[in-house]
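Structure, as structure tokens:
Taken together, the values in this text are just the output of simple stated rules run on the coordinates, not laboratory data. Being a predicted model, the structure only gives us computed values, none of them experimental. Cβ atoms come from the backbone with ideal geometry, glycine included; neighbour counts cover every protein chain shown.
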Amino acid sequence: MIRRLTGMGAGAGIVLALASCGSSASTGSSTGAGQSVSLEAQDFQFSPTTLTAPADTTITATVKNTGTALHNLTIKELGVNQDLKAGSTQTVTFTTKSAATLVYYCEYHRDSKGMKGTLTVGAGGAAGSGSTSPAPAPSSSRSYVPY
């Protein structure tokens, strides 16, 4: 049996407040030594889709798969890769590093269903997506007008 976190009551209130599809919000409360967050995997999305956390902090995430499909939670930059069986609740612990904006996703449904969210660490930074795209070519604002 999975142990319930002390702050589960507050987490349940957050999950109820975010019950609508596609909602996004910050969740969790800083305790100095760590932070707890709640995350729900549904067919085929996460709720909330936006999380925030301080830099250099241990995060304990309670992740509940309320869907009928196998999902997982992956945060590549932090070494997180946890399977989430349908109907299960998992506790995932990881430590944030410096300020960044990271993408968390289900490796089974990120590309086919868009199952992902963002984790803003500290003040944030450029979002990591696992892929890079070239920057647009600079354009000149000058135009040539003949006299």
Restricting attention to the alpha-carbon atoms of segment 57-108, what are Rg (one decimal) and Dmax (integer), both in Å?
11.4, 35
Below 13 angstrom from the Cβ of Val63, what's the summed charge of the other residues (Lys, Arg +1; Asp, Glu -1)?
0
Roughly speaking, what is the stretch gain from Asp43 to Leu70, that is 0.36 nm per residue apart minus the C-alpha to C-alpha distance, in nm to one decimal?
8.8 nm
Residues of segment 44-73 with amide nitrogen under 18 Å from the 7 Å Cα-to-Cβ point of Ala86?
44-46, 64-73
